Amino acid sequence: MERFRFAPSPTGPLHIGGLRTALFNYLFAKKNKGKVILRIEDTDKNRYVEGSEKHIIESLKWLNINFDEGPKIGGKYGPYRQSERTDLYKKYVEKLIKEGRAYYAFDTNEDLINERRKEEEKGSVFFYGQHNRLSLKNSLSLTESKVSNLIKNKVPHVIRLLISTDKNILCNDLLRGNINFDSTVLEDKILIKSDGIPTYHFANVVDDHLMRISTVVRGEEWLSSLPIHFLIYDAFNWTPPNFLHLPLILNPKGKGKLSKRDGDRYGFPVFGINWNKNLSQNNGFKEAGFAPISLINYLSQLGGSFKNHEEIHSFNDFIEAFDVKKISKGGSKFDYEKAKWINSKYIQNINVKDLLSFSNSQTKQKLESLYPHKINDIYKLVKDRMVLFSDDEKILSFLISSPTNYPIEIYEKIRLENAVEEITSAINIINKVPISSFKDSLMHYVKERNIKLGNFMKSLRFALVGDLTGPDLFDIINILDKKECIKRFNNYIEFLKGLS
RNA sequence: GGCCCGUUCGUCUAUCGGCUAGGACCUCAGGUUUUCAUCCUGGAAAGAGGGGUUCGAUUCCCCUACGGGCUACCA
């Protein structure tokens with residue numbers, strides 16, 4: 001049984017980079033009929049952010065990425081929060097110390113800062129490793145009795161990995177093949193911090209082993225720690241799992257990888273669901289008006305090409321098409337325009353009923369009370385012009401309230417000779433015939449008088465909507481109904497009279 | 001600075017040595033439409049540079065350049 005895991009840290013909201021890592025884990029697992037587990041890596045007390053675990057879980061749930069094991073679901077390899085596994089790590093690290101693969105280090109923060117400064121002055125960079133460990137304060141350089149004294153007196157200390165002196169460490173990545181690292185430039189990484197809590201590197205390896213993970217899918221930012229992880233597996237004499245490092249999602253405008261702040265900076269969502277209640281704009285794809293499957297489609301083609309990008313595919317399509325060989329190696333820039341296009345394509349392909357089930361906007365609620373029997377007709381009108389589910393607000397506001405003002409610059413564009421007279425005729429026609437035959441009667445009228453249809457229509461639209469864009473005018477008239485149309489036409493006549 | 005990874009149109013990508021380098025987003029032009037959007041047709045737009053290997057290189061190798069990541073008692 002293949003086992004995968006998604007292992008975020010609750011240090012803030014989960015952004016689309018994490019979402020994509022989760023997605024690829026999920027696709028990979030499902031493709032192989034394997035399992036995916038969710039593990040919360042909360043080993044950093046200082047960076048812990050209240051509410052982020054909830055945000056992570058809810059974001060993934062919204063995207064329909066479901067886990068087989070996890071903190072809420074349970075499972076036989078739990079607990080699934082690293083903070084609840086501290087005793088376990090202690091047990092395992094002691095084994096390493098006993099076997100001489102790890103050691104105690106007593107250097108204080110000040111000691112290390114000093115060392116760093118010294119190296120900096122020489123124009124190089126300090127790292128704790130085989131070239132200098134014997135001149136630092138640790139159980140390798142100090143006598144045995146001194147070390148046991150320090151420990152007995154509870155002098156703060158960390159536990160470091162003893163990097164072997166083999167020069168070459170051969171690692172493997174599913175995407176990039178073999179990668180060689182030189183152990184002489186590797187740091188003796190801290191395994192257990194002075195507060196007794198493990199670092200990412202240690203907890204990660206122990207858990208992946210204990211939880212029987214067969215393939216680790218994670219972001220490329222971890223590639224440089226791969227040799228450390230291989231060395232920890234080696235120290236335990238464990239077989240490492242497969243590794244797949246995903247290319248990073250890059251900032252579309254600036255430099256570097258996409259960050260959580262870029263959403264605010266450039267005005268697009270970067271989270272699955274909103275984070276933070278008092279927002280000037282939505283930063284979640286959900287609230288911005290995306291369907292979960294739209295985001296799945298977008299994420300699947302960012303740094304991969306399992307399917308073509310011309311149509312919307314289902315979750316199952318992607319599972320079937322998933323192929324490690326189809327993942328690209330280079331990072332890819334986030335492109336909000338493309339994401340939006342995918343969602344508009346999706347909206348065009350669903351029926352009105354589904355569209356309505358997605359939206360619960362204020363606009364929809366108001367329209368439902370205003371036009372209880374016409375809600376389907378209304379959304380049918382705008383379906384093809386919606387990019388986001390939230391677009392109904394700007395497209396349909398004219399159905400909720402009549403135009404409050406008629407922008408003079410738009411009026412200038414359509415200026416009709418005898419405007420008052422023509423609008424009055426429209427009122428007469430609409431009064432005389434059933435609303436359903438208004439179109440025929442109007443066409444007849446236009447033809448009889450030899451009026452230019454284009455301008456006349458624009459004029460009517462302007463009177464009704466206060467703008468020149470929107471759905472079919474006769475459909476609008478049908479929905480507004482006689483009384484409201486006449487009211488708006490009269491308002492417009494008042495406006496026209498006010499001009500002269 | 002050191003180590004590691006990468007590099008095809010502006011962006012996301014296809015190409016498993018034969019290329020007139022394909023598609024999508026964006027963009028531009030035209031058509032359909034009462035308007036706008038949708039939709040349809042068409043256009044512009046790319047294998048970082050230099051060396052090899054080969055009959056032939058975008059594809060394989062090396063160097064350089066550029067981009068990215070890591071370099072914390074963060075993950």
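Taking the charge dipole of chain A about its Cα centre, with +1 at Lys and Arg Cβ atoms and -1 at Asp and Glu Cβ atoms, the residue from A:S194, A:G289, A:I414 reaching farthest to the positive side is A:S194. Looking at this model, which pairs from A:K333/A:K458; A:K61/A:K91; A:K122/A:K189; A:K277/A:K353; A:K340/A:K447; A:K72/A:K154 are more than 32 angstrom apart at the alpha-carbon? Result: A:K333/A:K458; A:K61/A:K91; A:K340/A:K447; A:K72/A:K154 exceed 32 Å. Would you please give the FRET efficiency between A:I319 and A:S357, computed as 1/(1 + (r/R0)^6) with r the Cβ-Cβ distance and R0 = 22 Å, to the nearest 0.05? That pair, A:I319 with A:S357, gives E of 0.35. Amide H contacts of A:V216 (H built 1.01 Å from N, in plane; Pro and chain starts excluded): A:N242, A:F243, A:L244 sit under 5 Å, all sequence-distant by 5 or more or on other chains. Magnitude of the charge dipole for the stretch A:234-335, about its Cα centre and with charges confined to Cβ atoms of Lys, Arg (+1) and Asp, Glu (-1), is about 520 debye. For A:K35, neighbours were defined as the other residues whose beta-carbon sits under 14 Å from its Cβ, and their charges (Lys and Arg +1, Asp and Glu -1) total +4. Taking 0.36 nm per residue of separation and subtracting the current Cα-Cα distance, fully stretching the chain between A:D111 and A:L140 would add 8.8 nm. Largest first and in whole Å, the equivalent-ellipsoid semi-axes of chain A read 66, 22, 19, each the square root of five times a Cα gyration tensor eigenvalue.
Of the GluC sites (Glu not before Pro) found in the stretch A:1-67, the ones in coil according to DSSP and having at most 15 other Cβ atoms within 10 Å of their Cβ are A:E50. With 0.36 nm allotted per residue and the present C-alpha distance subtracted, the A:R212-A:S390 stretch has 59.7 nm of extension available. The simple spin-label model puts a point 7 Å past each Cα toward its Cβ; for A:D335 and A:H131 those points are separated by 4.4 nm. Applying 0.36 nm per residue to the separation of A:K452 and A:K54 and subtracting their alpha-carbon distance, the gain on full extension is 137.2 nm.
Loop-located GluC sites (Glu not before Pro) in the stretch A:308-416 (DSSP state not H, G, I, E or B) with no more than 10 neighbouring Cβ atoms inside 10 Å: A:E310. With K and R counted +1 and D and E -1, the other residues having a Cβ less than 9 Å from that of A:L161 yield a net charge of +1. Each Lys and Arg adds +1 at its Cβ and each Asp and Glu adds -1 at its Cβ; summed about the Cα centre, the stretch A:402-499 shows a dipole of about 160 debye. For chain A, the antiparallel share of DSSP beta bridges with both residues in that region comes to about 55%. List, in the order given, every pair from A:K45/A:K326; A:K90/A:K137; A:K33/A:K325; A:K95/A:K329 whose Cα-Cα distance in the structure shown is over 26 Å. Beyond 26 Å between Cα atoms: A:K45/A:K326; A:K95/A:K329. In this simple spin-label approximation, A:E368 and A:E121 carry label points 7 Å from Cα along the Cα→Cβ vector, and these lie 7.2 nm apart.
By other beta-carbon atoms within 10 Å, ranking A:R176, A:R461 with the fewest at the front produces A:R176, A:R461. Dividing the Cα radius of gyration of the stretch A:199-324 by 2.2 N^0.38 Å, with N the residue count, gives 1.31. Of the trypsin sites (Lys or Arg not before Pro) found in the stretch A:190-295, those in coil by DSSP whose Cβ has at most 15 other Cβ atoms within 10 Å are A:R212, A:K253, A:K255, A:R261, A:K277. Rounded to the nearest 20, the Cβ-based charge dipole of chain A about its Cα centre (Lys and Arg +1, Asp and Glu -1) stands at 380 debye. If you plug the beta carbon distance of A:K95 and A:K154 into 1/(1 + (r/R0)^6) with R0 = 25 Å, you get a FRET efficiency near 0.70.
No value in this document is a laboratory result; all are computed from the given coordinates. Since the structure is predicted, the reported quantities are computational estimates derived from the model, not experimental observations. All Cβ positions, glycine included, derive from the backbone under ideal geometry; neighbour counts span all protein chains shown.
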